[in-house]
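Colleague: Have a look at the structure that comes next, please.
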Amino acid sequence: MFRRIVGLTLADLELAVVEGESAAEALALIEAEPPTLVLCDVEMPGGSGLDVVEAVRARWPELAFVLWSAAPIQPTVAKRACELGVRGREKVVGGELLALVQSFLP
């Protein structure tokens with residue numbers, strides 16, 4: 001549900017949005033066509049958002065990531081995300097989400 005809301009919110013920026021339902025699907029989509037920015041939930045079916053970041057960083061170290069969670073992000077997750085260069089947020093929606101995404105665009 002939240003994934004759909006994010007997709008609709010980003011439609012305001014006229015961006016191509018591709019959605020993956022699991023960590024494995026996200027990795028396959030990124031592999032098929034590396035995006036400008038990856039918005040990734042901390043908890044996903046089949047793995048975590050950090051698992052996705054770590055797998056992708058090996059091949060595309062400069063790819064921009066935003067990691068979000070509907071719940072508070074645990075300190076250990078936030079620390080690892082920071083080490084990987086991820087911008088971690090909690091409950092990013094609406095105008096805040098648009099502003100955050102726009103900060104990555106050329």
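Colleague: Need at least 2 residues that are modelled with pLDDT under 80 per element, so show me which strands (runs of 3 or more DSSP E) inside segment 5-102 make the cut, counting only ones lying wholly within it.
Modeller: 64-69, 87-90
Colleague: Now for a different question. State whether the residues of segment 80-103 include one that is among the hydroxyl-bearing types (Ser, Thr, Tyr) and touching a Phe, Trp or Tyr at 6+ places or on another chain (Cβ under 7 Å).
Modeller: no
Colleague: Quick one: LYS79 ticks every box in (1) charged (D, E, K, R); (2) within 20 Å of THR36 (Cα to Cα); (3) over 14 Å from the mean Cα position of the chain (by Cα) bar one, so which box is it?
Modeller: (2)
Colleague: Kindly provide the set of residues from segment 18-34 that are surrounded by 16 or more Cβ atoms within 10 Å (Cβ to Cβ) and touching a Leu at 6+ places or on another chain (Cβ under 9 Å), ordered by number.
Modeller: Across segment 18-34, the qualifying residues are GLY20, ILE30.
Colleague: Looking only at segment 47-73, which residues are surrounded by 13 or more Cβ atoms within 10 Å (Cβ to Cβ) and farther than 17 Å from ARG87 by Cβ?
Modeller: Selection gives GLY47, ASP51, ALA55.
The values are calculated or read from the model by the stated rules, or taken from the named source; none is laboratory data. Only a predicted model underlies this, so the values are computations on that prediction, with no experimental measurement involved. Positions of Cβ are backbone-derived with ideal geometry, glycine not excepted, and every protein chain shown enters the neighbour counts.
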